[in-house]
1. Does segment 47-59 contain at least one residue that is within 30 Å of Asn22 (Cβ to Cβ), part of a strand (DSSP E or B) and in contact (Cβ under 8 Å) with a residue 24 or more places away in the chain?
2. Select from segment 60-74 the residues that are at pLDDT below 85 and assigned to a strand (DSSP E or B) and write down the one among them that is farthest from the chain's Cα centre (by Cα).
3. Please pick out the residue among Glu83, Glu77 that is touching a His at 6+ places or on another chain (Cβ under 9 Å), acidic (Asp, Glu) and not in a helix (DSSP H, G or I).
4. Is there a residue being assigned to a helix (DSSP H, G or I), more than 30 Å from Lys67 (Cβ to Cβ) and touching a residue at least 24 places away in the same chain (Cβ under 8 Å) anywhere in segment 111-125?
5. Taking the stated definitions as given, is Ala80 farther than 30 Å from Leu100 by Cβ, within 24 Å of the chain's Cα centre (by Cα) and either open to solvent by less than 30 Å² (accessible area, probe 1.4 Å) or at pLDDT 95 or above (or both)?
Amino acid sequence: MEVVDVRPKLTSFRATRFHGENAVSGHMSQPLVLELTQTIEVVLGVSTGQENHLQAMVKIDLVAIAKQSDTGAKAAEFAAGYEAKYDYAPAVVEEQLTALLDQEAYQYMLVAQSFPLAMTHFRRELQAFGIDARELPLGM
C-alpha cells in the first residue's frame, strides 16, 4: 500500500481587506488601550485552476479598537481580512483530509502558520495609522 503525503504547501497568502480610521489628533499624545478581536475559519475546498486539487483555506478577520485609557471613549477602529491557501498533492483524497480537518491539532497547525503573517501586516498598518501595536501578539 502506498503512503500518501498529506502535508499541505502554503501557496497563497493575501490581505483581502483593510479599513482603518484614526481621528485622534496627532499632536496630542495620549495613552490608548487596544482591544483585539479575531475570527478564524478553516475550510476545505477545491482549486479549480489546478486540475481540481484539494485545498485548505484559513480565513482570518481581525478587528482592533483603540480606546482612551482614561475615559474609555473609542479613539480609532481598524478591521482587516486575510486568507491563506494550502494546496495538497494530487494523490490526496477528500476522505483523508476530512478526518484530519476534524482534529483540532491539525487545524491549529494550519492557523499557526497563517496567523503570524496576518498579524505582522496588521501591526504594520496600525503603526502607519499612528497606533503603537507592539503589544499585539505575533503568534497564537
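The values are calculated or read from the model by the stated rules, or taken from the named source; none is laboratory data. The structure presented is a predicted model; accordingly, all values stated were derived computationally and were not measured. Don't worry about glycine lacking a Cβ; one is built from the backbone with ideal geometry, like all the others, and counts go over all protein chains shown. Note: accessible area is taken over every heavy atom of the protein model, side chains too, but ligands, DNA and RNA are not part of it. Shrake-Rupley method; radii C 1.70, N 1.55, O 1.52, S 1.80 Å.
1. There is at least one residue in segment 47-59 that is within 30 Å of Asn22 (Cβ to Cβ), part of a strand (DSSP E or B) and in contact (Cβ under 8 Å) with a residue 24 or more places away in the chain.
2. The qualifying residue farthest from the chain's Cα centre (by Cα) is Gln68.
3. The conditions single out Glu77.
4. At the first step, the residues of segment 111-125 found to be assigned to a helix (DSSP H, G or I) are 111-125.
Remaining after also requiring more than 30 Å from Lys67 (Cβ to Cβ): 113.
If we keep only those that are touching a residue at least 24 places away in the same chain (Cβ under 8 Å) too, we end up with 113.
Yes, because at least one residue in segment 111-125 is assigned to a helix (DSSP H, G or I), more than 30 Å from Lys67 (Cβ to Cβ) and touching a residue at least 24 places away in the same chain (Cβ under 8 Å).
5. In short, no.
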